[in-house]
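No lab work stands behind these numbers, since they all come straight from the coordinates. What you are looking at is a predicted structure, and each value in this text was computed from that prediction instead of being measured. So basically every Cβ, Gly included, is an ideal-geometry build from the backbone, and we count neighbours across all protein chains shown.
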């Protein structure tokens, strides 16, 4: 998400050298049937302000089919690749700004609703092995993501208007608070270690969830 310092975890928002409109948004190439417009337009527009912005998305099958939680810089492109060979129409039902840490957090928080792979079914206490979740997760998950997206969009615009850095930990905190606002326990089971490219050390990214 933008130009992040691996030691500080901070990301530069658009500095003003280029208009926020110069950055593409996934919404620019979306067909109305590919998104729930009211759920994603605000956060996709906010993403214009952050160079290299990535999103954690919820892509689901229409008619209350299962839901996938994943990460992509362009959820619309990802949806189209998933749509190939899938007889049921897919759509982006919600999205937030986030990196792979945020993606992992959401997958762990909602693990009780995850669809387990055949390989993992026989393994006690093993992770599900898929990024797909039962259809009934929508009732609680989507409202949480919408709350988080609204908070993130407001925070991004504040940072851009004040020409401040965009701390990834702050974006994560907004996700945690959104869970709390909907009485959903937010926790993280595993410690995540970030390996610095080209370096012989690892840097732990502390989770606020």
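Couple of notes before you dig in:
- Order of 184, 97, 92 under a 10 Å beta carbon neighbour criterion, fewest first: 184, 92, 97
- Part-to-part distance (alpha-carbon centres) for the range 25-47 and the range 130-180, which is given in Å: 15 Å
- Pair residue 83, residue 31: separation of 7 Å Cα→Cβ label points (nm): 0.4 nm
- Ranking of 27, 43, 118 by count of other Cβ atoms within 10 Å, fewest first: 118, 27, 43
- Length gained when the stretch residue 182-residue 38 is fully extended (0.36 nm per residue, less Cα-Cα span): 49.9 nm
- Spin-label proximity, residue 139 to the range 66-94 - amide N less than 20 Å from point 7 Å beyond Cα toward beta carbon: 66-69, 93-94
- Ascending count of other beta-carbon atoms within 10 Å, so fewest first, for 57, 101: 101, 57
- FRET efficiency for residue 62 and residue 169, using Cβ-Cβ distance with R0 set to 30 Å, rounded to 0.05: 0.30
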